[in-house]
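One structure below.
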Amino acid sequence: MLKLLVKRKTGFTNSLPGVSLQFDDAFTPIECHFLPPFHQTTFASFTKKIMRKIIVTEFITLDGVIEAPGGNETSHPHAGWQFKYHSPDTGKYKIDELSSVDTLLLGKTTYEVFAAYWPGQTGDGFADPINRMPKYVVSRSLQKVDWNNSHILRDVAKDVAALKKSDGGDILVYGSATLVKALLHHDLIDELRLMVYPLSIGGGLRLFDDNRELKKFGLKHSRAIDNGVLILEYQPIS
């Protein structure tokens with residue numbers, strides 16, 4: 001038996017002869033066992049199907065708003081709404097989430113907020129990994145990026161799809177509402193993670209527009225935190 005370790009959730013389903021997949025929890029690899037009879041053609045077919053996942057992670061209110069959870073992104077009167085609910089559990093979840101990927105994908109506004117803050121920070125949990133890992137910003141207007149290891153993409157449908165097929169681990173999207181809406185429209189999201197906070201803020205930028213577009217999701221994992229925050233992990237259903 002040949003054992004191959006690959007990044008979990010590769011966009012591949014266990015449909016090849018002689019291949020057995022073992023799925024674990026959200027932040028560990030898959031074990032892939034090739035069972036006899038095993039041929040080179042099976043391996044070639046398997047490797048062609050391996051694709052990086054795009055994981056979108058959002059702070060969201062009960063009334064569906066994702067605007068200004070951190071406090072300085074916009075001039076929303078209730079900006080910074082998620083800070084009152086910080087806990088060790090939510091902090092660990094976010095650190096584990098970041099450590100499970102090796103690339104960031106961001107919209108222009110979120111990128112500029114991050115680029116103004118993180119380069120001046122240090123620390124093993126967030127700052128060092130974020131400053132080190134590749135960062136892709138999708139923008140038609142941005143002409144220059146100065147943050148370490150940053151790259152500009154112009155077209156969501158073409159460039160992000162190509163990024164998913166490139167070598168590397170999974171890709172994490174923070175915030176980036178406009179980008180996420182485009183990713184949803186083009187069916188480029190592999191996992192949607194929502195941290196639902198127990199408050200409403202009376203309006204603001206929402207994750208889903210009123211565009212009458214149907215999208216279905218299956219619940220992969222849920223967890224309630226003692227501070228009232230609910231973690232929901234979804235996968236799109238075709």
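The values are calculated or read from the model by the stated rules, or taken from the named source; none is laboratory data. All values derive from a computational prediction rather than experimental measurement. Methodologically, a virtual Cβ is constructed for each residue, glycine included, from the backbone with ideal geometry; neighbour enumeration extends over all protein chains shown.
Tabulated data
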read-out: Hey, Thr122 more than 21 Å from Thr178 (Cα to Cα) and exposed (fewer than 13 other Cβ atoms within 10 Å of the Cβ) or not; value: yes
read-out: Lone qualifier among Ser176, Ser150, Ser100 - being surrounded by 18 or more Cβ atoms within 10 Å (Cβ to Cβ) and either touching a Ser or Thr at 6+ places or on another chain (Cβ under 7 Å) or on the phi > 0 side of the Ramachandran plot (or both); value: Ser176
read-out: Sole residue being touching a strand residue (DSSP E or B) at 6+ places or on another chain (Cβ under 8 Å), farther than 25 Å from Arg206 by Cα and not acidic (Asp, Glu), chosen from Val137, Val145; value: Val145
read-out: Residue list for the stretch 119-130, restricted to those being part of a loop (DSSP other than H, G, I, E, B) and in contact (Cβ under 8 Å) with a residue 24 or more places away in the chain; value: Gly125, Phe126
read-out: Ile237 vs. criteria in contact with a strand residue (DSSP E or B) (Cβ under 6 Å, 6 or more places away or on another chain) and touching a residue at least 60 places away in the same chain (Cβ under 8 Å); value: no
read-out: Selection count, the stretch 61-118, where residues are within 19 Å of Met133 (Cβ to Cβ), among the hydroxyl-bearing types (Ser, Thr, Tyr) and part of a loop (DSSP other than H, G, I, E, B); value: 1
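The rows are residues; the columns are (1) farther than 29 Å from Asn149 by Cβ; (2) modelled with pLDDT under 95; (3) not acidic (Asp, Glu).
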| residue | (1), (2), (3) |
| --- | --- |
| Val56 | no, no, yes |
| Phe59 | no, no, yes |
| Thr74 | no, yes, yes |
| Ser87 | yes, yes, yes |
